[in-house]
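Some notes on the structure that comes next.
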Ligand code: 13P
């Protein structure tokens, strides 16, 4: 039975003060919630403060990216060692907002050449996944198609390629530890949540690709999330799907009450059936 995982990706939101205020309100709201891994991914600047507040709780700290080298002349980058040093145990890798070809149009940039601001590739995603695992960080690997790729019928092929390249060179034991987030680009920040059945289909496809590549035992262990315009209103439908093991939440994770509702809904929907086998019998 897979333990579901719900992750807050705050993206470029919240000062240290705002992050601390969130945690102070959020902790009591999810006190006693069991059977669900909860992860907060604040921006780098808030990691130490949030990490301090999460110490001794059942909530994990995650970063939104990392660089694969341990140290060196890499201005502006963050190493896996720096992340574990402040208490991170998870890291998001290959988010579509960082993948070069998905660079979103920014109205402030007139030159279309400048629209792909970041330059993540399948190869750099793979290096980052290896680096994360080497340092004991659980990678949350994002895959997903753009709107035009979906319209052209290329969804399955895009997801298959991204997944295969991200996991290249990993052992079965390593693959069993990763979290995969299916985040269709057209659903992120748009309010256009993917239909729950279709999200379930793609998450199932991801599991069958994992099974082809690494065997069924491994594929049954990997946690596969959906992400893209998750809200407290649409999470019950998504969480009810068999292949969806939780969510990667952007906008709705910025408010403690809406994120707590999402966490509780997932935990409730995925409750492990009661095990009667150990009960005392006369
Ligand atoms: P939204 O929930 O704001 O659509 O963002 C999803 C996302 O990108 C999480 O990583």
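Since every read-out is calculated from the coordinates, none of them should be taken as a lab result. As the structure is a prediction and not an experimental result, all values here were calculated from the model. Ideal geometry is used to build each Cβ from the backbone, glycine not excepted, and the neighbour counts take in all protein chains shown.
Values as computed for the structure displayed
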| read-out | value |
| --- | --- |
| Percent RCO, i.e. relative contact order, over the chain, from Cα pairs under 8 Å lying at least 6 residues apart | 21 |
| Estimated FRET transfer efficiency (residue 161, residue 1; beta-carbon r; R0 30 Å; 0.05) | 0.50 |
| Extension gain (nm, one decimal) between residue 71 and residue 148, 0.36 nm per residue minus Cα-Cα | 23.9 nm |
| Relative contact order of the range 170-282, defined on C-alpha pairs under 8 angstrom at six or more residues apart (%) | 27 |
| Distance histogram in 5 Å bins (all Cα pairs of the range 123-278, percent per bin) | 2, 9, 18, 21, 19, 16, 11, 3, 1, 0, 0 |
| Pair residue 231, residue 208: separation of 7 Å Cα→Cβ label points (nm) | 3.2 |
| Percentage of interatomic Cα-Cα distances in the range 148-239 larger than 23 Å | 26 |
| Helical contribution to [θ] at 222 nm, DSSP H n ≥ 4, -39,500 (n - 2.57), averaged over the chain, rounded to 500 | -11000 deg cm²/dmol |
| Among 245, 237, 65, residue whose mean-square fluctuation peaks in a GNM of the chain (springs only between Cα atoms under 10 Å) | 237 |
| Base-10 log of normalised Debye intensity for the chain (one unit scatterer per alpha-carbon) at q = 0.07, 0.09, 0.14, 0.17 Å⁻¹ | -0.24, -0.40, -1.02, -1.53 |
| Fraction of alpha-carbon pairs over 20 Å apart in the range 2-66 - percent | 21 |
| Mean shadow area of the range 204-257, taken as a quarter of the surface of its Cα convex hull (nm²) | 4.2 |
